[in-house]
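Everything on this sheet refers to the single structure shown next.
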């Protein structure tokens, strides 16, 4: 039996076979890449602020939401149309950082010392920003702790706008005490090592 097909039908079949073959190759390559790749885990990070929270404090960090980075969106109207443009950079903002309290490590004292560097409640005086703003680093590392492909983020203009310890409760089953602080982050930049 001989089939007669128009050139258009042959071109369509050729395109379909080529597309299917291409997708099979792409899928195989993605599988190969995925088997050789590893994902970043949420618990593989450390954060340090050398002047107030030394490298030992990174062990007590419970959680840290990654600071948002962006621009204010400016709307410009022309007749009935609206165009959107990038405005000023938004400060990275305030993020709630939680530390686990350890009796022998004075976690709360170190955080409270940094918080009170802002000023005096007794006099109402606010100190100069150079006495409380800090530059820190957020480091993401590989699951095995290796520094290969390590990412280091520089957090600038950081200071604690508040300080709050967990409630103490005699009826509690012994949960860990967490110290929560609002960390103001003015800027964030990355260095890929």
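Nothing in this text is a laboratory measurement; each read-out follows from the coordinates by a stated rule. All of these numbers come straight from a predicted model, not from anything done at the bench. Neighbour counts are summed over all protein chains in view; Cβ atoms, including those assigned to glycine, are modelled from backbone coordinates with ideal geometry.
Assorted remarks:
- With all pairs of separate Cα atoms included, the stretch 45-192 yields a Kirkwood hydrodynamic radius of 17.6 Å.
- Centre-to-centre separation between the Cα atoms of the stretch 75-98 and those of the stretch 118-193: 26 Å.
- Modelled this way, with points 7 Å down the Cα-to-C-beta line, the labels at residue 178 and residue 77 are 4.5 nm from one another.
- Mean sequence separation of contacting Cα pairs (under 8 Å, at least six apart), scaled by the length of the stretch 45-192, corresponds to a relative contact order of 26 percent.
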